[in-house]
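Take a look at the structure below.
Bear in mind that the values in this text are calculations on the coordinates, not laboratory data. Note that the structure is a prediction, hence the values are computed from the model and not measured. Note that we place each Cβ from the backbone using ideal geometry, even for glycine, and neighbour counts take in every protein chain shown.
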Amino acid sequence: MRRKFVLHLECIPCFLNQALRTSRFAVGSERIHEAVLRKVMQRLLEVEWGSSPRASIGMFIAAKAEALLRGQKYVIPHHVKMVAHDAVSYTHL
C-alpha cells in the first residue's frame, strides 16, 4: 500500500532558495545557477502532489552526492535528473 504525503505549497520557495544557495556556493556561473533552478522547478512540477517535503530535500541531497561521486564539486541539472525519480519514489514504499 502506497502512503500519500502532502506537499505543502509553502515548501516550494524554500526548495528553490536552497537550490540557488547551493549552486551559488558551488560555482560562480549565473548560467549554471539558472539551469539548476529551471531543472529543480521542472522536477517539482513532475513530483506527484502528495509527496512529502522530505522527497524534495532527499532529491537535493542525492543530487549533491551524485555530483560528488562523479568527481564534480557542484550540482548540474543532469545530477538532479539522475536522482529525481528514486529520491521521490522511495517515500511511497
What is the spin-label model distance, in nm, from Leu45 to Phe25 if the labels are put 7 Å beyond Cα along the C-beta direction?
2.8
Could you give me the ³J(HN,Hα) list for segment 38-43, computed from phi with Karplus coefficients 6.51, -1.76, 1.60 and θ = phi - 60°, whole Hz, x at Gly and Pro?
4, 5, 5, 4, 4, 5
